[in-house]
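The structure appears right after this line, and notes come after that.
The values are calculated or read from the model by the stated rules, or taken from the named source; none is laboratory data. Predicted model only: the values in this text are computed from it and were never measured. No Cβ is skipped: glycine too gets one built from the backbone with ideal geometry, and neighbour counts run over all protein chains shown.
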Ligand code: GLY
Ligand code: MN
Ligand code: MN
């Protein structure tokens with residue numbers, strides 16, 4: 001198994017030049033459309049907590065990460081000019097409070113004209129002299145960091161770049177595969193800790209240890225939910241004590257490699273056979289949806305098809321009665337499955353561009369009644385997305401069905417049975433192929 005997550009990984013290095021070529025073409029087009037000659041991409045800077053001098057965890061600009069795998073390089077800039085080697089203004093500040101980035105090293109260095117600076121004041125000397133011909137891309141909340149560039153994040157250029165990021169380069173795919181492998185190793189450790197009766201907090205620690213991430217390095221806060229907690233979609237409390245009886249376990253946790261994320265969910269039963277049977281049924285439904293992923297499919301239709309399949313599962317499990325269309329129209333399926341089928345995945349866990357109709361920036365709305373769907377595009381080759389159907393006992397949503405035509409379609413006694421288990425979600429990361437798909441998550445577990 002290739003588990004070299006470092007920037008010395010020769011397999012990634014071999015793909016990097018081609019990735020830079022793709023970025024170059026994308027930026028050439030974006031600059032041309034924006035009527036500009038240079039893109040100046042700012043890495044970002046740590047935020048300071050309100051009324052405090054404490055630095056919040058640094059979140060780099062995803063545009064910067066798409067060029068260079070340096071997630072801990074604040075106050076730095078890439079200057080891209082068509083036809084020239086990109087300049088990386090690499091900030092190594094004189095700072096004895098924080099760790100200062102080391103000397104540039106890794107497979108990425110050969111693609112850049114690297115200029116080391118020791119203070120933001122030294123950046124200006126490396127920028128194109130005519131700032132009117134520049135656009136800046138990044139979160140620039142201090143005018144001094146824009147260096148007199150007036151056009152910051154112009155929509156024309158940014159829309160082109162965001163739309164293009166939907167389909168991944170071979171370098172990005174290789175990085176995402178590694179992120180899936182890293183995540184899978186954490187999931188295996190977490191399942192063992194669950195079977196050992198450990199608390200949510202201890203399971204989380206087992207996960208972090210296996211993926212070798214601090215909390216801050218995780219792509220999103222781990223959802224480690226025992227029993228009823230599985231019904232809280234973004235449960236991140238981490239109980240310090242194990243429950244008296246660990247009946248069920250829902251874990252939604254990812255990992256990252258060079259700033260690219262995985263986003264994986266698994267659900268387990270300890271010993272209840274009926275709940276295990278429902279997990280198995282949800283898993284086969286999820287695999288059925290995955291098998292429908294291919295280029296040309298409208299993701300909105302996949303989401304609606306999932307609701308229809310879920311209706312059949314609800315009937316089989318005696319959670320509901322009625323035909324699929326009725327269960328969809330009356331809102332029964334949405335009460336049990338109130339989030340979207342999935343989203344684009346890449347540098348951001350919910351990667352940009354999920355609603356984009358084209359590179360001009362126009363968007364496609366989610367289907368009416370499904371406001372939480374985050375991906376409304378027609379699938380294209382090499383997009384990477386998640387498929388994550390769920391089924392939960394969420395009291396607030398189910399109670400809303402009382403007094404509506406949906407009420408008589410819900411089998412309330414079975415809801416009572418389900419409640420102590422929380423819910424089920426199964427989430428894989430899937431690459432779109434022309435007439436097929438690659439399941440990064442299943443492949444990673446198989447390793
Ligand atoms: N982990 C957040 C999500 O699945 O979208
Ligand atoms: Mn997830
Ligand atoms: Mn997800």
Original post:
When residues of region 214-257 are filtered for being over 30 Å from residue 67 (Cβ atoms), within 16 Å of ligand 3 (Cβ to nearest atom) and part of a strand (DSSP E or B), how many remain?
Top reply: 5
**OP:** Answer yes or no as to whether residue 333 is touching a strand residue (DSSP E or B) at 6+ places or on another chain (Cβ under 9 Å), within 16 Å of ligand 3 (Cβ to nearest atom) and part of a helix (DSSP H, G or I).
**Re:** no
Subject >> Filtered residues of region 271-296 (kept if touching a strand residue (DSSP E or B) at 6+ places or on another chain (Cβ under 7 Å) and surrounded by 14 or more Cβ atoms within 10 Å (Cβ to Cβ)) >> reply: 275, 276, 278, 279, 282, 286, 289, 290, 293, 294, 295
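Considering only residues that are without any contact (Cβ under 8 Å) to a residue 60 or more places away in the chain and surrounded by 12 or more Cβ atoms within 10 Å (Cβ to Cβ), look in region 36-55 and name the one that is nearest to residue 75 (Cα to Cα). First the steps, then the outcome.
From region 36-55, those without any contact (Cβ under 8 Å) to a residue 60 or more places away in the chain are 46-55; that's our starting set.
Keeping just the survivors that are surrounded by 12 or more Cβ atoms within 10 Å (Cβ to Cβ) gives 46-47, 55.
On the way: 46: 9, 47: 12, 55: 14 Å.
Residue satisfying both the conditions and the ranking: 46.
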Subject >> Among the candidates 353, 340, residue that is modelled with pLDDT of 95 or more, within 16 Å of the chain's Cα centre (by Cα) and closer than 27 Å to residue 138 by Cβ >> reply: 353
Original post:
Counting only residues that are assigned to a loop (DSSP other than H, G, I, E, B) and within 16 Å of ligand 2 (Cβ to nearest atom), how many does region 258-285 have?
Top reply: 2
